[in-house]
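Rule-based calculations on the coordinates, nothing more; no lab input. On a predicted model such as this, the values are computed, not experimentally measured, just so you know. When we count neighbours, we look across all protein chains shown, and the Cβ atoms used for this are built from the backbone with ideal geometry, even at glycine.
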Amino acid sequence: MTLRIRCRHLWDGTRDGWTTDVDLVIEEGRVVRIEACTGEADVDWTSGYVIPGLVDAHDHFCIDMGDGAPEAGEPPEWKVAKGLRTAALMLATGITYLRNAGEKDNVGRWVDRAIREGLSPGPDCVLSGVPITSTGGHGWFLAVETDGPDRFRRAVRTQIKQGAGMIKLIVTGGVTTPGGTLIRPCATPDEIRAAIEEAHANGVKVGAHAYGGPAATAAIISGVDSIEHGTYLSDEDLMEMSKRGTWLVCTSSVMTAAASDRTVAPFMRERFAQVAADYRSTIARARKFGVRVVVGCDTHHGHLADEAAFLVGAGYTVLEALKACTADAGAFLAGEPGLGRLAPGSRADAVLLRGDPLRDVAALKGVTAVMKRGHVWTVGLPGTPPVLPTGDGS
Ligand SMILES: [Zn+2]
């Protein structure tokens, strides 16, 4: 079946400008042509601005903002129920692809399966299984706790065996675990090196949760693919990342939102406020040194527009901020041809916005319709679930 979507304004995910008055022609969930308007269209998207589906480079289906050890103890069935709700919300905000940064008990795979088998709406995703930490290290209550290079290697092999498409390695302290500091190493250089070597030997990328300090440096020089958060990275770390092409995954909006959210535990609120205050200058330095930056909502589900606005506030151009949510995030994931772009051969993932995001990234908040792999949803009709199926293009 062919689906023809009529667009007045189309952005391809890379160019600084709009292509006007074209049809997106879709077959089997992929864009086959972009051509001048011809005949009748199946879907009329001429009322707004069409951009590629958004790519969230770091979030979790089954962890909500402020969740810590008590929530990690909830039964997996409840986590999956919450995850299905979150997945629908993500899609309704234009996120069509997610890099899932890990879940306790690998529960994200059930949400992913429900989405893939059409039981529930949500973004497609790459899963990182269960995060790997050391005994008592950050996130111990939801991670695999292990010690020593051989056991780190084994933990990586186990995650890959259980279907992980990437590895989430925790190498420093974090906001949601009581005690310690954010830059306290929670893996040794040998453990970090062994885990990265093993993942790469299996063709799997590694994202290291790291705020800064010696373990972040060890991860960078051991060839990690991305640093997650990175608030306290030094100039030397950023220069090394730039030289090696290591990505920085910026997760700003959760820091700001959680700092003033009364449902979040007081010790977390304090830490979130501090990292939020310290983050802008880090992200600005990353741009200065030429580090490649993408963004993730990290439990502040569906707020990629805030991530884009944060980049602009830190000195990025609007085009750079939009690419961080689309084509650059697609290049970062690199597993799907054309992810984050609209071009012949790319996934038929697109968002219809009311306003022009190339003028103001806040327009990313005005989503009126979403398409994932050629399936079109209209968003936010009164009295309906957040995402309502209205068509089928595959
Ligand atoms: Zn996370």
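Structure data summary
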quantity: Computed [θ] at 222 nm, helices only, for the chain once each DSSP H run of length n ≥ 4 contributes -39500 (n - 2.57); calculated: -10000 deg cm²/dmol
quantity: Estimated FRET transfer efficiency when R0 is 30 angstrom, pair E27-D235 (beta carbons, to 0.05); calculated: 0.05
quantity: Least to most buried among M166, M65 (fewest other Cβ within 10 Å first); calculated: M65, M166
quantity: Packing-based ranking, highest mean first, of 242-251, 51-60 given that Cβ atoms within 10 Å are counted; calculated: 51-60, 242-251
quantity: Qualifying chymotrypsin sites (Phe, Trp or Tyr not before Pro) in region 87-185, DSSP loop, other Cβ atoms within 10 Å at most 10; calculated: none
quantity: Computed over the chain, Cα set: Rg, Dmax in Å; calculated: 20.2, 65
quantity: Relative contact order [Cα under 8 Å, 6+ residues apart], the chain, whole percent; calculated: 19 percent
quantity: Pair T20, R113: separation of 7 Å Cα→Cβ label points (nm); calculated: 5.0 nm
quantity: J(HN,Hα) series, region 68-73, from Karplus relation 6.51 cos²θ - 1.76 cosθ + 1.60, nearest Hz, glycine and proline x; calculated: x, 4, x, 5, 5, x
quantity: Stretchable slack from D147 to Q274, in nm (0.36 nm times residue separation minus alpha-carbon distance); calculated: 42.7 nm
quantity: Region 54-333: antiparallel DSSP beta bridges as a percent of all, rounded to 5; calculated: 5 percent
quantity: Computed E for T317/T38 - FRET, C-beta separation, R0 45 angstrom, nearest 0.05; calculated: 0.85
quantity: Given K82/K323; K104/K323; K168/K243; K104/K205; K104/K372, the pairs whose alpha carbons are separated by over 24 Å; calculated: K82/K323; K104/K323; K104/K372
quantity: Residues T256, T93 arranged by fewest to most Cβ contacts within 10 Å; calculated: T256, T93
quantity: Signed unit charges on C-beta, dipole axis of the chain, positive-most listed residue W110, F310, L10; calculated: F310
quantity: Segment F267-S281, length gained on full extension (0.36 nm per residue, minus Cα span); calculated: 2.7 nm
quantity: Sequence of H303, H375 once ranked by neighbouring C-beta atoms within 10 Å, starting from the fewest; calculated: H375, H303
quantity: By average C-beta atoms within 10 angstrom, highest first, the peptides 234-241, 288-295, 262-269; calculated: 288-295, 234-241, 262-269
quantity: Region 155-296: relative contact order as a whole-number percent, Cα under 8 Å and 6+ apart; calculated: 20 percent
quantity: Two-site FRET efficiency, K288 against R354, from Cβ-Cβ distance with R₀ of 30 Å, rounded to 0.05; calculated: 0.30
quantity: Gaussian network model of the chain, Cα within-10 Å springs - most flexible of A321, A187, A331; calculated: A331
